[in-house]
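The structure under discussion appears below in the form of C-alpha cells.
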Amino acid sequence: MKRSRWLVWMVFVGLGLPVAQAQEEQLVDIAPVAPRLRLDLRYATADNFLHKAVYARARCLLREPVAARLAQVTDKLAAQGYGLKVWDCYRPLSVQKQMWALVPDENYVANPAKGSRHNRGAAVDLSLVDAQGHDLEMPTTFDDFSPRAARTSQALWSESARQHYAILHAAMTAAGFLPLPSEWWHYDAPGWERYGILDRPL
C-alpha cells in the first residue's frame, strides 16, 4: 500500500502538480459519493434533443470537490423530504461538438471552441423529486430550448412549478452552485474555470 501511494505521489510530482491539486483534477463517479441521488442520464439514451444515445455508459462523473458539494445538497434535501434527479454531469468535448452542430445557440449549448462547464466536469443538469424519486412538476422539461426555460420567466410557470423550483434553487445556491440564467436546471460549481476541458469517453 505504501509503495502504491508513493508511486502515485511520484506521478503527480512528475506532472508538476501538488498531490492535493492532482487529486481534485480527477473525475469521480457520483454514485458511491451521493447514493441518494437519482440518475436519469438522458444522453445515454435516445430521449434527448439529439434523438440518439451519445454516451456509451450512463455514468455521472464530476470533479471530486463538485461531487462532494452535490452530495451535501442531497443530504440536506433528504431531510426536507425531497431528492435530486440528475440529467447530465461531465460531458466529453466530442459530444459537445455534436450538440453545437445541431443547436449553435450559446444560450442553450456552449460553443465547443470555448468549451462547456460540463466538459470540465464542473456542471450538473438536474431536477427536484419527492422522497420516493417521483418527478415533481417543474417549469419545463429537460432541454427545453425556449424562453420559458429561463429563470426570469417565472410568470409563465405554474404555482406548483415555482414552488418546486424555489426549493431546488435554494438548496443548490446555498451549497455555492451558480445558476445559468437561460436554463433553470443547469448549475455550475464555484471555481469551474480552473478545471481543464476534457474529452475522456464515458
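The values are calculated or read from the model by the stated rules, or taken from the named source; none is laboratory data. This is a predicted model, so every value here is computed, not measured. Backbone-built Cβ (ideal geometry, glycine too); neighbour counts: all protein chains shown. These accessible areas exclude ligands, DNA and RNA; they are computed on the full protein's heavy atoms, side chains included. Shrake-Rupley method; radii C 1.70, N 1.55, O 1.52, S 1.80 Å.
For the condition part of a helix (DSSP H, G or I), on the phi < 0 side of the Ramachandran plot and crowded, with 19+ Cβ neighbours inside 10 Å, what is the one hit in Val129, Val95? Spell out the reasoning first.
Working: Val129 fails: part of a helix (DSSP H, G or I).
Answer to the selection: Val95.
Considering every residue within the range 103-114, establish whether at least one is touching a helix residue (DSSP H, G or I) at 6+ places or on another chain (Cβ under 7 Å) and polar (S, T, N, Q). Spell out how you get there, then give the answer.
Pass one, the range 103-114, residues touching a helix residue (DSSP H, G or I) at 6+ places or on another chain (Cβ under 7 Å): 109-112.
Subset that is polar (S, T, N, Q): 111.
Yes, because at least one residue in the range 103-114 is touching a helix residue (DSSP H, G or I) at 6+ places or on another chain (Cβ under 7 Å) and polar (S, T, N, Q).
Looking at (1) buried (at least 21 other Cβ atoms within 10 Å of the Cβ); (2) free of Cβ contacts under 8 Å to residues at least 24 places away in the same chain; (3) among the β-branched types (Val, Ile, Thr), find the lone condition where Val124 falls short.
For Val124, the exception is condition (2).
When you look at Asp143, is it among the acidic types (Asp, Glu), buried (at least 16 other Cβ atoms within 10 Å of the Cβ), under 15 Å from Ile30 (Cα atoms) and in contact (Cβ under 8 Å) with a residue 24 or more places away in the chain, yes or no?
Details: among the acidic types (Asp, Glu): yes; buried (at least 16 other Cβ atoms within 10 Å of the Cβ): yes; under 15 Å from Ile30 (Cα atoms): no; in contact (Cβ under 8 Å) with a residue 24 or more places away in the chain: yes.
Criteria not met by Asp143.
For Leu27, indicate whether it is closer than 23 Å to His169 by Cβ and surrounded by 18 or more Cβ atoms within 10 Å (Cβ to Cβ). Lay out the reasoning, then the answer.
Details: closer than 23 Å to His169 by Cβ: no; surrounded by 18 or more Cβ atoms within 10 Å (Cβ to Cβ): yes.
Criteria not met by Leu27.
Check the range 119-129 and report whether any residue there is within 16 Å of the chain's Cα centre (by Cα), polar (S, T, N, Q), over 16 Å from Leu77 (Cα atoms) and modelled with pLDDT of 95 or more.
For the range 119-129, residues within 16 Å of the chain's Cα centre (by Cα), polar (S, T, N, Q), over 16 Å from Leu77 (Cα atoms) and modelled with pLDDT of 95 or more: present.
Is it true that some residue in the range 60-69 is of a type in the set (A, V, I, L, M), under 25 Å from His134 (Cα atoms), in a helix (DSSP H, G or I) and open to solvent by less than 10 Å² (accessible area, probe 1.4 Å)?
Among the residues of the range 60-69, at least one is of a type in the set (A, V, I, L, M), under 25 Å from His134 (Cα atoms), in a helix (DSSP H, G or I) and open to solvent by less than 10 Å² (accessible area, probe 1.4 Å), which makes the answer yes.
Residue by residue through the range 171-202, note down the ones that are open to solvent by less than 30 Å² (accessible area, probe 1.4 Å) and either in a loop (DSSP other than H, G, I, E, B) or modelled with pLDDT under 95 (or both).
Of the range 171-202, the ones open to solvent by less than 30 Å² (accessible area, probe 1.4 Å) are 171-172, 175-177, 182-189, 191, 195, 202.
Ala175, Gly176, Phe177, Ser182, Glu183, Trp184, Trp185, Ala189, Gly191, Tyr195, Leu202 - these are the residues of the range 171-202 that are open to solvent by less than 30 Å² (accessible area, probe 1.4 Å) and either in a loop (DSSP other than H, G, I, E, B) or modelled with pLDDT under 95 (or both).
Kindly evaluate Tyr90 against the criterion of being in contact with a Gly (Cβ under 8 Å, 6 or more places away or on another chain) and either closer than 24 Å to Asp47 by Cα or assigned to a strand (DSSP E or B) (or both). Give the steps one after another, and end with the answer.
Numbers: in contact with a Gly (Cβ under 8 Å, 6 or more places away or on another chain): yes; either closer than 24 Å to Asp47 by Cα or assigned to a strand (DSSP E or B) (or both): yes.
Yes; evaluated as a whole, the condition is true for this residue.
Quick one: in the range 154-170, of everything that is closer than 26 Å to Trp192 by Cα and open to solvent by less than 20 Å² (accessible area, probe 1.4 Å), which residue is nearest to the chain's Cα centre (by Cα)?
Among those that are closer than 26 Å to Trp192 by Cα and open to solvent by less than 20 Å² (accessible area, probe 1.4 Å), it is Leu168.
What's the total number of residues in the range 23-57 that are within 14 Å of the chain's Cα centre (by Cα), of a type in the set (Val, Ile, Thr) and not in a helix (DSSP H, G or I)?
1
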